[in-house]
């Protein structure tokens, strides 16, 4: 399997319209005019993904004050995302990419190392998208723990 193409600063962010945890749809186009932090995670309700989601939740007010909207994306079904949101009191939208087409377009689905083995799956990634829908930052293979704090620092929010 070949390596998934990756996005870089200046690339157009692939547009999407996906179902949310609340039974609606969310389109990247709807968020034009605002900065977006789109983060891809492997699976709702797992320890690392929960830690990362809670860090985003806890940083949401300061991110929004700086003009950023946060959206989480995973291949989980909307019903599982709804449980995740409720269980961890998440306050930002979660979108479901069950066929992984959007994750693939962002370079966030493909081969990765897991416990020393090469597997195919979601590559934990974060994308900062500007008001015009262009990639400002594309961060791949980020750590679940400490990532949000590092991102805030990189964005000049600390």
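Looking at (1) in contact (Cβ under 8 Å) with a residue 40 or more places away in the chain; (2) under 28 Å from residue 158 (Cα atoms); (3) in a loop (DSSP other than H, G, I, E, B), which is the only condition residue 89 fails?
Just one mismatch for residue 89, condition (1).
Name the single residue that is surrounded by the most Cβ atoms within 10 Å (Cβ to Cβ) among those in region 7-31 being out of contact with any strand residue (DSSP E or B) (no Cβ under 9 Å at 6 or more places or on another chain) and at pLDDT 95 or above.
Checked region 7-31; the qualifying residue surrounded by the most Cβ atoms within 10 Å (Cβ to Cβ) is 14.
Within the set of pairs 6 or more residues apart or between chains, which connect a residue that is free of Cβ contacts under 8 Å to residues at least 60 places away in the same chain and at positive phi inside region 25-45 to a residue that is surrounded by 14 or more Cβ atoms within 10 Å (Cβ to Cβ) and in a loop (DSSP other than H, G, I, E, B) with Cβ atoms less than 9 Å apart?
45/76; 45/88
The conditions are (1) touching a residue at least 24 places away in the same chain (Cβ under 8 Å); (2) part of a strand (DSSP E or B); (3) surrounded by fewer than 17 Cβ atoms within 10 Å (Cβ to Cβ), and residue 145 fails exactly one of them. Which is it?
Of everything listed in (1) touching a residue at least 24 places away in the same chain (Cβ under 8 Å); (2) part of a strand (DSSP E or B); (3) surrounded by fewer than 17 Cβ atoms within 10 Å (Cβ to Cβ), residue 145 misses just condition (2).
In region 63-71, is there at least one residue being free of Cβ contacts under 8 Å to residues at least 12 places away in the same chain and either assigned to a helix (DSSP H, G or I) or more than 13 Å from residue 95 (Cα to Cα) (or both)?
Let us first name the residues in region 63-71 that are free of Cβ contacts under 8 Å to residues at least 12 places away in the same chain, namely 64-65.
From what is left, the residues that are either assigned to a helix (DSSP H, G or I) or more than 13 Å from residue 95 (Cα to Cα) (or both) are 64-65.
So far as region 63-71 goes, yes, one or more of its residues are free of Cβ contacts under 8 Å to residues at least 12 places away in the same chain and either assigned to a helix (DSSP H, G or I) or more than 13 Å from residue 95 (Cα to Cα) (or both).
The values are calculated or read from the model by the stated rules, or taken from the named source; none is laboratory data. These numbers were taken from a predicted model, which means no experiment stands behind them. Ideal geometry is used to build each Cβ from the backbone, glycine not excepted, and the neighbour counts take in all protein chains shown.
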